[in-house]
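Okay, so here's the structure we're looking at.
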Amino acid sequence: MAALRRPILGLFGSDQAVTVSQLESCGPYHLRLSDGGPDSAAYLEHLLRKTGVAMTSLDLPSGLGRGEVAQRIGSELARLTREVPRPGTLVVAGGETLRGLCAALEATTLEVQGQIEPGLPYSRLRGGRWDSVEVVSKSGAFGRPEIWRDLLHLDGANGPRASDDATTPCHHHGRPGWDRT
């Protein structure tokens, strides 16, 4: 497989400890959003324009039941996909998250193209709003801690490795006061 097409948008619904660890290894590219609304989408779009990579999860309130968590993740990620431009590559962890995103995007088929490494397939969305977008997916409770950092050639503390062309990462993590320029 050739290098992943940028911008690379990661949408993560899994709250498995494995996924949390994997996202933490992405350093400033891991963005925790409170919801999928216009302000979150604007910040996400800003980060994608600035760095070419955003690995996004939701920061949900504690005390929610599993059913409510699943429903909230599904609806907020679907809402986010209506607000942000289509990425070059979509990265997803969690089977329910992938299924929900395919439905929200009105994709008719997920066409498997191959495997990056065991348990890490890459596919292409067919049909819907993000037709032909490349997809890298995995189970939420699977993989080594550095899987996304290594795949994206990131140095979790400092951003892209020297061999990448991406610009300096944004360090604001969705907090108010970010610069939209």
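Could you pull out the residue among A93, A78, A107 that is touching a residue at least 12 places away in the same chain (Cβ under 8 Å) and more than 22 Å from L4 (Cα to Cα)?
A78
Give me the residue from segment 51-108 that is among the acidic types (D, E) and touching a strand residue (DSSP E or B) at 6+ places or on another chain (Cβ under 6 Å) and, out of that set, nearest to R32 (Cα to Cα).
Applying the filter and picking the extreme gives D59.
In segment 39-87, which residues are among the polar types (S, T, N, Q) and within 12 Å of the chain's Cα centre (by Cα)?
Within segment 39-87, T56, S57, T81 qualify.
Do we find a residue being more than 16 Å from I8 (Cα to Cα) and modelled with pLDDT of 95 or more anywhere in segment 119-126?
yes
Being modelled with pLDDT of 90 or more and either touching a helix residue (DSSP H, G or I) at 6+ places or on another chain (Cβ under 9 Å) or under 23 Å from D150 (Cα atoms) (or both) is the requirement here; does Y43 meet it?
no
Answer yes or no: is there a residue in segment 49-59 that is without any contact (Cβ under 8 Å) to a residue 24 or more places away in the chain, hydrophobic (A, V, I, L, M, F, W, C) and closer than 23 Å to Y122 by Cα.
no
Would you mind telling me which numbered condition in (1) in a loop (DSSP other than H, G, I, E, B); (2) surrounded by 23 or more Cβ atoms within 10 Å (Cβ to Cβ); (3) small (G, A, S) G10 fails?
Of (1) in a loop (DSSP other than H, G, I, E, B); (2) surrounded by 23 or more Cβ atoms within 10 Å (Cβ to Cβ); (3) small (G, A, S), only one is false for G10: (1).
For the subset of segment 137-166 comprising residues that are aliphatic (A, V, I, L, M), within 17 Å of Q22 (Cβ to Cβ) and part of a loop (DSSP other than H, G, I, E, B), which member is modelled with the highest pLDDT?
Going through the qualifying residues, I end up with L152.
The values are calculated or read from the model by the stated rules, or taken from the named source; none is laboratory data. None of the values given here were measured: they were computed from a predicted structure. Cβ coordinates were reconstructed from backbone atoms using ideal geometry, including for glycine residues, and neighbour counts include every protein chain displayed.
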